[in-house]
Amino acid sequence: MNTLKCQHSFIATRRIIFITKLHLESFNYAMTQGLFLIISGLSSYFLDFIFSKYKIVIQITGLYVSKPYSLKKEIKYKVIPRQCKETKSSYKGDFLSIFHINHRKERKNFLIRIGKIPIMVKSLKCNLFNANSRQMVEIDEENLEMGGYFIVNGAEKIIRPLLVPKRNFIHVVSRIANLKKHKLYTSLSCSFRSVDKIQNSKTFHLHYLISGNIHVRIVFKKHEFFIPIVILLKSLIDISDKKLIDIFGYFDLGNKYTRQRILTMIREAYSYCNISKRKEVLNFMGKILKTAFDFDFLTNSEISEVFLSKYLFIHLGSEYKSKFDLLLLMVQKLLYAYKGNYSENNYDSIESQELLLPGHLYLIYLRERFENSIYNYFLNKIKKENKYTLKYLKNSFNLVTIDIEKLVSSGNICFNFKEELIQLSGLSVSVERLNFGRFLSYFRNIHKGNFLLQSKKNTSRKIFPHSWGYICPVHTSDGLLCGISNYLSFSVIFNSSNSIEKKKFKKYLIRNGFDEIEHTQKPFIPILLDGKLLGFCENLKLEWIIDKIRCEKISRLGIIPKSMEILYNRRIFTKGFFSSCSFLSEENRLLRPVLCNNYVHTKNFFFSKKANQFNFQTEKELELIGPNEQFLLNIQFLENENKENRKKFFWTHLEIDSSIILSLVAALTPFSDLNQSPRNTYQCQMFKQSIGVPFYTFWRRNDTKNYFLLIPQIPVCRNKLIQDGMYLDAFPIGVNAVVAVLCYTSFDMEDAMVINNFSIDRGFFSSKVTTTSNFEMKKFSYKKEFEQIIPVSPGKHISRGEVIFFSQIKGKTQKNQRISVYYDSYEKSVIECLKLTLKKEKINCTIKLRARRKPNTGDKFASRHGQKGVFSMNCPCIDMPFSEIGIVPDIIFNPHGFPSRMTIGVIVESLAGKVSCLNGFFYDSSPFCLNKKHLETYCFGEKLRESGFKFYGNEIFYSGYTGEPLKIEVYNGIIHYQRLKHMVNDKFQVSEISPRNSITRQPIKGKKFGGSIRFGEMERDVLLGHGSTFLLHDRLQLSSDLHSIKINMKTCDMFSLKPVYKKIHDRTFFSNKNAFLPYASKFLATELLVLNIKFNLVPSDG
């Protein structure tokens, strides 16, 4: 039994670590192949500057990143992430570079330490890489440390994956924004996002004009250029007009249509320049693109060559013929779409998108900052002074490490970033470990971009059919981020391996009967691999090749990777489909596993459609498919028991489980298919707000605030695929409570609930809260000095007003002034620990406080069905109702909370929990698992009858006040409840003497500033409606800004206060009298005087 448990926990640990795989592997790629690709890219960059007297050549021959370490007396010690969390420091490694410099026939090599950059935990550059669980426990790290995040100043940071257009794929879209480009432009356009191995991206656009022409829109270094398509085609290869017309004639759109289009395009191109010669075309393009180039020594034709080789279709390198073929294919798709023979792509759907992984974003920004610093060094130092200095070379690279750390800490990118990116802020988020499920959800979160928050269109927030199995339809954020911040489904994985080599794949196709044919005949279908056109093939032969490739992909034999995506529609020249075959094998693509049916071909597979042409076998193998591919396959939702239905349809694939379409958090909701859909969305948010057991090394962590559930329980009703498969029982977040549905007191209205006092005394939802404070002080030499600075010790109970720290600062008179720090919370706490860390000449003191919290009136609780309620009454056990067998419920819930919420899953969970506790087993509450012919509730009822209870779970209860039986039967059962982090002790605001605003002299609101809750206009209207005038006078005047002023009774002026005498009955009186008004009114009067508006007070008739 122990060996089975060990095997189960080992597999579950592997599954948990797999969640952070996309973060880790992308960062490992950046630290290995990425650094090598930066060097190879810089070698071809313009680093050679020729001057009149000197020739200085600086080349970078190596880039290295070391593992984090610390130096003590010139000895290196390894640094682990736990130490950085404790000392509030950053987990960083050295960034080193090797420079090779040729100057005046002198050759020198320099190793320069540029600075330190953040290192991802558990990556190749982390000191915990490949450490097993036993080694992690020995160094006080988490047993299930997954990594995938950074540590900056002691805080855990994650770079969020961003949704970007799919790489090396042709997209045809119709947008209203295209009409704003020019008067002649239509809404139809074709785009291609080209990405190379170093993750650089360049987007290329084709626009269809009203006149029938096609223009190319190029965005280069934030400059926008428009060039006719024929000019760009002629600049790539030397081709005659006749051959170009012949190629366009093979598009099969009608001879007249294609001939008119190409003739108008050629005529327009001749109006700009003579396109018969390639040199004149390159010279014309160089004149246009010269404004975006910073190099003065290049000619126009050289600028065009640089642009064509390094900025146009960068994934193809310098293969001009391949770029020419791809450009023709884009024109062909655009013409098909305008004619109505090709359906447009949806930019907002997952079929047209991929993920920009954290490590790749890290690599892009590192390369751009590195190249920018090199260029500035050449431009500012060498080009002006014709010499180099090693000191200035080091200083020029300091901004590289500063900007990288700023990206991880704040998520912001500098304004002069020239690469393509959908947003420059909000790229990283802080990790809050409230519970383990919340921590896991950070790694499955994807973001579409903050710019969509201001968009008036709702198409970007919708879920399209292609999202099935890839994006969770339930788990999303509330408010403005609804539909923009989504979460991936549980089964989604990423392709992180390198793409297949195009030459090998082409040889493989040729061995299997593929003939490389150019644009010659109409029925031939183009074949593409990762955005490169390999050739054309017949439809009949191509079907046989694709079936063989799919079989080889599943069998794990040969060169076909398991993550390859095969896109081929067998419908030729039908409206809505463009006949093409694409193979995708590059990284960053979303994939999900399905079961593939093994089948045996008959001899006449393509010509006969017999019922027995496939022989199904019992064994099924997994196949990874993409969002575009799944719509071209016949996938059965679940294995149907009805054999007749199975004979009617031919299913090539089968879904693994019904709950794999949900995210990790959404799948934990029991019987979620029985609830109203918004309630499942609310539960995903409440799950991430509930407190539990987030980690086990709590004595080592120094977080600002942490919650810890003291007596948690694992749920009785559970999704076994995730709860058991991910080993989440090690991190429970709730309690199984006996809930009675009853109107017992007036304190349980709607979602409010009554809790048994005896259950609270027994430890029901007891939790602890730890808060950490940091102070800096000078070194001390003896123990008495330490006691004078810190008068508290671990284990001491403290309350409000006690001193916890003394600090000495220099005053204006150069004398040390002693300042004391008091404990200002109303909650009694205990000093859990004191930690002293040495930082150069100062000591950082960390004081950790612990407070135990029982459920208090006003705290929030929630079931696992999106129904949160407020703890409204702490009822004594003797007053609680009880059943015939003496069971007293823990929670009383009002029945009026069910009809409006329509959470049927709570009722079923109550029955299932009751049956599970009576029979001693866990029940699988996965969605879509109930038998629809015979409801599972009948099964629960029969089991309740066997145990001596009623069929529907109702019982006779007795009143705790009178002891008499209640007139109605009470429905009760076991429901798993969660305690949310919203507690009264954190929210209530009480201040005896509140600080005041220096301008208005009114009390300041907010607990952060020591204020209270604001008494505003709505609260004033309530008291006016009740006639509480004295209370209003106390709140708005006596306790606020009541101010005494003098008023001249003659002029009714409060500013000109000269002594004026008045005679009444032969007696003289001063006419200036005191009045009590709010100070805000006097402040208003002084501001009106500045505008030359006089403010007088009119006295009453009395």
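The values are calculated or read from the model by the stated rules, or taken from the named source; none is laboratory data. Computed from a predicted model, the values in this text were never measured in an experiment. Cβ coordinates were reconstructed from backbone atoms using ideal geometry, including for glycine residues, and neighbour counts include every protein chain displayed.
What the table shows:
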{"item": "Pair list, Cβ < 8 Å and 6+ apart or interchain, from the stretch 532-551 residues that are closer than 22 Å to LEU624 by Cα to residues that are of a type in the set (Val, Ile, Thr) and in a strand (DSSP E or B)", "result": "LEU542/ILE525; LEU542/ILE527; ILE546/ILE566; ILE549/ILE566; ARG550/ILE566"}
{"item": "Qualifying residue in the stretch 967-974 (condition: among the aromatic types (Phe, Trp, Tyr) and within 39 Å of the chain's Cα centre (by Cα))", "result": "no"}
{"item": "Any chance LYS548 is of a type in the set (D, E, K, R), modelled with pLDDT of 75 or more and either part of a strand (DSSP E or B) or out of contact with any helix residue (DSSP H, G or I) (no Cβ under 9 Å at 6 or more places or on another chain) (or both)", "result": "yes"}
{"item": "The one condition in (1) closer than 24 Å to LYS202 by Cβ; (2) touching a helix residue (DSSP H, G or I) at 6+ places or on another chain (Cβ under 6 Å) that LEU488 fails to fulfil", "result": "(1)"}
{"item": "Members of the stretch 68-84 that are crowded, with 17+ Cβ neighbours inside 10 Å and in a loop (DSSP other than H, G, I, E, B)", "result": "PRO68, VAL79, ILE80"}
{"item": "LYS76 closer than 21 Å to LEU128 by Cα, modelled with pLDDT of 85 or more, assigned by TED's automatic domain parsing to the domain that holds TYR362 and under 31 Å from the mean Cα position of the chain (by Cα)", "result": "no"}
{"item": "Qualifying residues in the stretch 188-200 (those that are over 22 Å from ILE527 (Cα atoms) and modelled with pLDDT under 90) - the one surrounded by the most Cβ atoms within 10 Å (Cβ to Cβ)", "result": "GLN199"}
{"item": "Any hit, the stretch 465-486, residues being closer than 24 Å to ILE198 by Cα, part of a loop (DSSP other than H, G, I, E, B) and in contact with a Lys or Arg (Cβ under 7 Å, 6 or more places away or on another chain)", "result": "no"}
{"item": "Filter result for PHE1069 (at pLDDT below 85, surrounded by fewer than 15 Cβ atoms within 10 Å (Cβ to Cβ) and part of a loop (DSSP other than H, G, I, E, B))", "result": "no"}
{"item": "Complete set of residues in the stretch 274-289 that are crowded, with 18+ Cβ neighbours inside 10 Å and more than 48 Å from the chain's Cα centre (by Cα)", "result": "ILE275"}
{"item": "Selection from the stretch 868-885 of residues that are surrounded by fewer than 16 Cβ atoms within 10 Å (Cβ to Cβ) and aliphatic (A, V, I, L, M)", "result": "ILE878, ILE885"}
{"item": "Filter result for the condition that a residue is outside any strand (DSSP E or B), within 30 Å of ASP890 (Cβ to Cβ) and without any contact (Cβ under 8 Å) to a residue 24 or more places away in the chain, over LYS967, LYS950, LYS1008", "result": "LYS950"}
{"item": "Members of the stretch 295-352 found to be assigned to a helix (DSSP H, G or I), under 26 Å from SER40 (Cβ atoms) and small (Gly, Ala, Ser), listed by number", "result": "SER301, SER304, SER309, SER322"}
{"item": "Checklist (1) surrounded by fewer than 19 Cβ atoms within 10 Å (Cβ to Cβ); (2) closer than 30 Å to LEU363 by Cβ applied to ASP238, failing item", "result": "(2)"}
{"item": "Selection within the stretch 733-772 - surrounded by fewer than 20 Cβ atoms within 10 Å (Cβ to Cβ) and touching a Leu at 6+ places or on another chain (Cβ under 8 Å)", "result": "GLY763, SER766, LYS768, THR771, THR772"}
{"item": "Top-ranked residue in the stretch 668-700 [being among the small types (Gly, Ala, Ser) and not in a helix (DSSP H, G or I); ranked as surrounded by the fewest Cβ atoms within 10 Å (Cβ to Cβ)]", "result": "GLY692"}
{"item": "Residue selected from the stretch 422-432 under the condition part of a loop (DSSP other than H, G, I, E, B) and in contact (Cβ under 8 Å) with a residue 24 or more places away in the chain, by the criterion farthest from LEU357 (Cα to Cα)", "result": "VAL431"}
{"item": "Filter result for ILE887 (assigned to a strand (DSSP E or B) and more than 36 Å from the chain's Cα centre (by Cα))", "result": "no"}
{"item": "Those residues of the stretch 937-957 which are at positive phi and surrounded by 18 or more Cβ atoms within 10 Å (Cβ to Cβ), in sequence order", "result": "GLY953"}
{"item": "All positions within the stretch 701-715 that are assigned to a loop (DSSP other than H, G, I, E, B) and within 22 Å of ILE974 (Cα to Cα)", "result": "LEU710, ILE711, PRO712, ILE714, PRO715"}
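For every residue, the table says whether it meets (1) of a type in the set (D, E, K, R); (2) surrounded by fewer than 17 Cβ atoms within 10 Å (Cβ to Cβ).
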position	(1), (2)
ASP403	yes, no
THR476	no, no
GLY479	no, yes
SER485	no, no
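Matching residues to (1) of a type outside the set (D, E, K, R); (2) touching a strand residue (DSSP E or B) at 6+ places or on another chain (Cβ under 8 Å); (3) closer than 22 Å to GLY866 by Cβ:
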| position | (1), (2), (3) |
| --- | --- |
| TYR442 | yes, yes, yes |
| GLN454 | yes, no, no |
| HIS466 | yes, no, no |
| PHE524 | yes, yes, no |
| LYS532 | no, no, no |
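Results for (1) outside any strand (DSSP E or B); (2) touching a residue at least 40 places away in the same chain (Cβ under 8 Å); (3) more than 27 Å from ILE755 (Cβ to Cβ); (4) not acidic (Asp, Glu), shown as yes or no for each residue.
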residue: VAL906; (1), (2), (3), (4): yes, yes, no, yes
residue: PHE921; (1), (2), (3), (4): yes, no, yes, yes
residue: LEU944; (1), (2), (3), (4): yes, no, no, yes
residue: GLU955; (1), (2), (3), (4): no, yes, no, no
residue: ASN972; (1), (2), (3), (4): no, yes, no, yes
